[in-house]
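Beneath this line is the structure, given in structure tokens, with notes to follow.
The values are calculated or read from the model by the stated rules, or taken from the named source; none is laboratory data. As the structure is a computational prediction, the values presented were derived from the model and not from experiment. Note: ideal-geometry Cβ built from the backbone for every residue, glycine included; neighbour counts use all protein chains shown. In case anyone asks, the SASA skips ligands and DNA or RNA and just uses the protein heavy atoms, side chains included. Shrake-Rupley method; radii C 1.70, N 1.55, O 1.52, S 1.80 Å.
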Amino acid sequence: MARTVYIYNTLTRRKEEFKPVHPGMVGLYVCGPTVYGDPHLGHARPAVTYDVLVRFFRYLGYKVRYVRNITDVGHLEHDADEGDDKIAKKARLESLEPMEVAQTYTIAYHDAMRRLNTLPPSIEPRASGHIIEQIELVKKILAAGFAYESNGSVYFDVPAYNKKYHYGMLSGRNIDEMMANTRTLDGTGDKHSPYDFALWKKASPQHIMKWPSPWSEGFPGWHLECSAMSEKYLGEEFDIHGGGMDLQFPHHECELAQNTASRGQGGVRYWMHNNLLTVNGQKMGKSLGNFTTLEDLFKVYSPMTVRFFILQAHYRGTLDFSNEALSAAEKGLKRVLQAAKDCKGLPHGGDTANPEVEKLPGAVMDALCDDLNTPVALAHVFDAVRIVNQVKDGSLKLGDKDHEALSELFGKIVPDVLGLVDEVSASSEEKTVEGLMDMILEVRTDAKSRKDFSTSDKIRDRLKELGVTIKDTKDGTEWSM
């Protein structure tokens, strides 16, 4: 924790030194998926981004509480609090219970995240499991004078809030100008203002998911869920709230307003937003025909290739998805993982030290300290790849400290912080073959040590007949099929 970490704070629009609420601890809340469809490429970027952030803080010695929610109720089709609940609509289309839909796609999401090698959150609360907390939060906002009841629904009063605070400060919007340029239509709903948003919605008779409340039988607003759950598990003030840039407005703007209205302060020190993915320069979407599920993508490219591809761009920068970019990432990842394997057996010795080699682990960490700059971190990793290859071809010698630095980089930082690991895991059959070969070669080595060359040669020749080639080297016996 001796290193100083800087994070770009969306709220202040500048990089700021990270100073946790509680020394030595990090409280992180990230908006998770609305589970009504298969996980897609858009889910992968925030998952990988905040996974690296969690890994990085833990590597620095912080204790991290990572909360990522599951939205299983209340997320309507339109931001204007209109349309069907996304999960309920899917349930009707597929003749399933809403929780059946939520469970199916939560499992699919977890499986995709596991394959991307993202760590599970410390806590993964579901919106439907925190209805009581959400009702209590609505009561607080009503009591503070920043909400009103209308025909059984409760809405956040944006104009009233804006008189005391600033609605729009997170997204940079000027609500006064927006309201001045908006024509209010009579009879368009229960809201006093078109910018007001639902804290609690009265359910229609045909609505499937609904709960009793002081105002009506209904369901919570989507924005309310995250305010309630983040406060429950991280407190009224916590360190970092993360999510995609598409959530900055209205979702996170509404969260900030709810927090301030109920607590007198916004509750979050640093707001982080990852940029969106494009596909060949276009925004990804089902209507454009360029929508890619992770299941389909993993049939062509390995999950580690996708992870590496995401890390090649800074999380706040654009990331354009294309086959060319994925193919290049595949090649780059292969070089890194090969260097990680080669590093273990590199010859080294003596007190000689190469300053370029020794500084590499620190250079990677410095890049991550600078607002999680993964592309610069990877550039330093590739410097290490080059050095490993120079040692392999004999053009460079390593001292013991040099080898320690490379081992730290490839043995800890690359897998434990960047989360890049070799996916090629042997099947049970392959592991059995490897075990048998190790045993056979041990018998052959023992025979050679006893100068029983007849047995040693017999094992070698028999293995050759079976298609197994063995090669004696100064470091031991190697085999291949």
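Of note:
- Among beta bridges that DSSP assigns inside the chain, antiparallel share in %, nearest 5: 55
- Angle in degrees between helix 98-115 and the longest Cα principal axis of the chain, rounded to the nearest 10: 30
- Segment 13-123, relative contact order in percent, only Cα pairs under 8 angstrom and at least six apart counted: 34
- The residues packed around S407, meaning those with a beta-carbon under 13 Å from its beta-carbon, carry a net charge of -3 if Lys and Arg are +1 and Asp and Glu are -1.
- Value at 222 nm in deg cm²/dmol, rounded to 500, when DSSP H runs of n ≥ 4 in the chain each add -39,500 (n - 2.57): -13500 deg cm²/dmol
- Cut-off under 5 Å, modelled amide H: who pairs with G242 long-range: Y29, V30, C31, M272
- Between the helical axis of 253-263 and the longest alpha-carbon principal axis of the chain there is an angle of about 70 degrees.
- Computed from Cα atoms, the angle from the helix 41-59 axis to the main principal axis of the chain rounds to 70 degrees.
- Taking a straight line from the alpha carbon of K202, these lysines sit under 30 Å away, with near neighbours fewer than eight places off in the same chain left out: K86, K89, K90, K139, K140, K163, K164, K191, K210, K232.
- For peptides 89-99, 331-341, sequence by mean Cβ density within 10 Å, most packed first: 331-341, 89-99
- Under a model in which nothing but the beta-carbon of Lys, Arg (+1) and Asp, Glu (-1) is charged, segment 354-481 shows a dipole of about 780 debye around its Cα centre.
- Between S153 and K202, the built amide H atoms are under 5 Å apart, and every one of these is 5 or more places off in sequence or on another chain.
- The figure for D416 is an accessible area of roughly 80 square angstrom, using a 1.4 Å probe on the protein chains alone.
- The amide H of W211, built 1.01 Å from its N in the peptide plane, has G218, F219 as neighbours under 5 Å, considering only residues 5 or more places off or on other chains.
- R55 exposes around 20 Å² of accessible area when a 1.4 Å probe is run over every protein chain in place.
- Panel values: segment 152-301, Kirkwood radius from alpha carbon pairs, Stokes-Einstein at 20 °C and 1.002 mPa s, translational diffusion coefficient 120 µm²/s.
- Straight-distance candidates among the aspartates and glutamates for linking to K448, with alpha-carbon spacing under 14 Å and chain neighbours fewer than 8 residues away dropped: D457, D472.
- Accessible surface ranking for T104, T477, T305, 1.4 angstrom probe, highest first: T104, T477, T305.
- Relative contact order [Cα under 8 Å, 6+ residues apart], segment 187-319, whole percent: 18
- Averaged over residues, the count of other Cβ atoms within 10 Å places the peptides 434-444, 198-208, 267-277 in the sequence 267-277, 198-208, 434-444, highest first.
- Percentage relative contact order, the chain, counting C-alpha pairs under 8 Å, at least six apart: 16
- Rolling a 1.4 Å probe over the protein heavy atoms gives the chain an accessible area of 48 Å² per residue.
- Within the accessible area of the chain (1.4 Å probe), percent carbon and sulfur: 50
- Remark: segment 352-358, residue by residue, has Karplus-estimated 3J(HN,Hα) of 5, 9, 9, x, 5, 6, 4 Hz, where x stands for each Gly or Pro and the curve is 6.51 cos²θ - 1.76 cosθ + 1.60 at θ = phi - 60°.
- The alpha carbon gyration tensor of segment 236-319 gives principal lengths a ≥ b ≥ c with a/c of 1.5 or higher and a/b greater than b/c, which makes the shape prolate.
- Whichever lysines have a C-alpha closer than 28 Å to that of K359, once near sequence neighbours (fewer than 8 apart) are set aside: K15, K19, K63, K331, K334, K341, K344, K392, K397, K401, K412
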